[in-house]
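Notes to accompany the following structure.
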Amino acid sequence: MNRKKLNRYQIRKAKFSQGPLHKKKKKKKKTLWFRYSATMPDSILYYHNTLFLFIIFTLVPLPLSLIELCFPSFLSKYKIQPKVWLTPAKFLECYKNVMKVFFLVVCPLQLMSYPTVKLIGIRAGLPLPSLWEVGVQLLVYFLIEDYGNYWLHRWLHGKWGYENIHKVHHEFTAPIGFAAPYAHWSEVLILGIPTFVGPALVPGHMITLWLWIALRQIEALDTHSGYDLPLSFTKFIPFYGGAEYHDYHHYVGGQSQSNFASVFTYCDYLYGTDKGYRYQKAHLAKLKEQWALGDQNGVSDLKSNQKSE
Ligand SMILES: [Zn+2]
Ligand SMILES: [Zn+2]
């Protein structure tokens with residue numbers, strides 16, 4: 001870019017970020033929200049969450065599931081448990097069970113919880129929250145949920161909690177995306193508590209609440225996907241557990257006293273519940289290194305044998 005062009009670019013950028021264009025854009029967002037929400041009761045805006053969850057539970061796990069069912073070899077090298085391949089019937093059964101709990105438990109819970117949402121002070125009008133406000137609140141919600149979920153999940157791995165509630169979620173020893181919300185109805189209620197503690201302590205805008213509910217569920221679907229994809233942007237989130245981390249929890253199964261946290265890894269590290277996972281990971285890395293070395297030696301041995309022949 002020559003000097004003249006660079007100057008024009010800088011002027012345009014400055015005009016956009018500080019000038020009337022930027023203000024116009026901000027105003028446009030406000031007008032859009034005003035037009036959409038002005039005639040709508042706040043309760044209906046809150047019930048949008050139900051629709052979003054239905055779309056998320058149905059569509060987010062679909063691409064990877066279709067790839068697994070129709071083109072199994074395409075991503076097989078990234079599959080965390082490559083020996084386990086579920087049938088289409090099993091996928092469908094999982095989805096049907098998730099939808100049963102969704103319509104019988106999640107939807108009524110959403111309908112009944114609106115007065116609480118109103119009480120804690122979730123606002124739906126103008127002004128819209130700034131990106132900074134939304135970002136900080138989402139981070140706080142994630143940290144609070146992660147901590148609460150860690151202890152409740154750990155309790156669910158006790159004898160009574162596991163036998164009566166949590167073993168349903170562990171039916172999938174090699175999880176798939178659709179299995180993230182696959183759980184006993186009471187588990188959905190219990191683990192729903194830390195999801196609402198964040199917004200109750202730091203109430204924000206309805207849009208922030210929509211984003212929070214959606215992102216938390218997308219994160220759960222991601223950690224249950226069964227694939228450790230190398231290009232996932234979540235690899236750049238500090239202390240993020242991810243699919244491989246939670247997959248280990250399912251792989252070990254009912255006896256698992258490891259990797260309880262839902263999002264980050266710090267709780268398991270602090271309370272010493274990731275030791276088995278870290279040992280297994282280090283052991284596997286060592287084995288891989290030995291295999292690689294063995295392969296190299298095998299190749300060089302073969303080459304030297306060929307030379308001497
Ligand atoms: Zn568990
Ligand atoms: Zn799980």
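Bear in mind that the values in this text are calculations on the coordinates, not laboratory data. Fair warning: this is a prediction, and the values are worked out from it, not measured in the lab. Reconstructed Cβ throughout: ideal geometry from the backbone, glycine too, with neighbour counts over all protein chains shown.
What FRET efficiency comes out for the pair Ser232/Ile67, r = Cβ-Cβ distance, R0 = 22 Å, nearest 0.05?
Working: r = 15 Å, r/R0 = 0.67.
In this case the efficiency is close to 0.90.
With each label modelled as a point 7 angstrom along the Cα→C-beta vector, the Gln280-Thr39 pair spans 5.6 nm. Taking a ≥ b ≥ c as the square roots of the eigenvalues of the Cα gyration tensor, the range 118-248 is classed as oblate, since a/c reaches at least 1.5 and a/b does not exceed b/c.
Listed peptides 43-53, 212-222, 177-187 appear in the order 177-187, 212-222, 43-53 once ranked by packing, highest mean of other Cβ atoms within 10 Å at the front. The alpha carbons of the range 43-227 occupy a box of 51, 38, 27 Å along the principal axes, longest dimension given first. Distance between the C-alpha centres of the range 148-181 and the range 44-94: 19 Å, rounded to the whole angstrom.
Here's how it looks for His184: its modeled amide H is under 5 Å from those of Val168, His169, which are all 5 or more places away or on a different chain. Dipole check for the chain: with +1 at the C-beta of Lys and Arg, -1 at the C-beta of Asp and Glu, and the Cα centre as origin, the magnitude is about 2400 Debye. Taking other Cβ atoms within 10 Å as a rough exposure proxy, Cys70, Cys107, Cys94 sort from fewest to most as Cys70, Cys107, Cys94. In a reduced charge model with +1 at each Lys and Arg Cβ and -1 at each Asp and Glu Cβ, the range 43-227 shows a dipole moment near 220 debye about its Cα centre. For the residue pairs Lys27/Lys100; Lys30/Lys96; Lys100/Lys235; Lys77/Lys286; Lys83/Lys235; Lys159/Lys275, the C-alpha atoms sit more than 31 angstrom apart in Lys27/Lys100; Lys30/Lys96; Lys100/Lys235.
Here the relative contact order of the range 43-227, from alpha carbon pairs under 8 Å that lie six or more residues apart, stands at 39 percent. Of the residues Pro63, Asn259, Leu270, the one whose Cα sits farthest toward the positive end of the charge dipole of the chain, with +1 on the Cβ of Lys and Arg and -1 on the Cβ of Asp and Glu, is Pro63. Cα-based radius of gyration for the chain, normalised by 2.2 N^0.38 Å, reads 1.25. Per-residue ellipticity at 222 nm, computed for the chain from helices alone with -39500 (n - 2.57) per DSSP H run of at least four residues, works out to -21500 deg cm²/dmol. Using the Cβ-Cβ distance between Thr87 and Glu133 with R0 set to 45 Å, the FRET efficiency from 1/(1 + (r/R0)^6) comes to roughly 0.45. Stokes-Einstein diffusion for the range 102-158, with the hydrodynamic radius set to the Kirkwood value over Cα pairs and evaluated at 37 °C in a medium of 0.692 mPa s, equals 231 µm²/s.
Other residues within the sphere of radius under 12 Å centred on the Cβ of Tyr150, judged by their own Cβ, net out at -3 (K and R +1, D and E -1). Note on Leu270 and Met112: the model spin-label points, each 7 Å out from Cα along the C-beta direction, lie 3.2 nm apart. Note on Thr58 and Gln290: the model spin-label points, each 7 Å out from Cα along the C-beta direction, lie 5.0 nm apart.
Our summary gives the range 160-309 a relative contact order of 20 percent, counting only alpha carbon pairs under 8 angstrom and 6 or more residues apart.
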